[in-house]
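**Student:** Right, I'll just put the structure down here and ask away after.
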Amino acid sequence: MCKTDIVVMVMAILRESDKQFIRELFEKELKDDVRIVVFTSNDNCEYCQPTVEILKELASLSPKIKLEEHDYNSEKQLADS
């Protein structure tokens, strides 16, 4: 690795055993697609990043979960609708 290499570590929020349980639950219980819409902001939003991380992790457990992430500041009109 040279000085310009960037190492990014992604730590899962859910344990593997929890993921498996949720994956099986989603497979059994989700009959239709589920649309999750989340609005985040870079302006003093303490919980935006952790919220998006866990939602992405959950969405990865089922093809029926569709996650939409929007920036509140640039899409305020959509957020207010």
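**Student:** Distances longer than 21 Å among the Cα atoms of the chain: what percent of all pairs is that?
**Tutor:** 46
**Student:** With all protein chains present, calculate the accessible area of residue 32 using a 1.4 Å probe and round the result to the nearest 10 Å².
**Tutor:** Probe radius 1.4 Å; accessible area of residue 32 about 110 Å².
**Student:** Follow-up question, since we're still on this one. Using alpha-carbon pairs under 8 Å, 6+ residues apart, how would you state the relative contact order of the chain in percent?
**Tutor:** Over the chain, the number comes to 35 percent.
**Student:** Work out the count of Lys pairs in the chain where the Cα-Cα distance is under 15 Å, with the pair 8 or more places apart or on different chains.
**Tutor:** 7
The values are calculated or read from the model by the stated rules, or taken from the named source; none is laboratory data. In this text, all values refer to a predicted model and were calculated from it rather than measured experimentally. Accessible surface areas use protein heavy atoms only, side chains included; no ligands, DNA or RNA. Shrake-Rupley method; radii C 1.70, N 1.55, O 1.52, S 1.80 Å.
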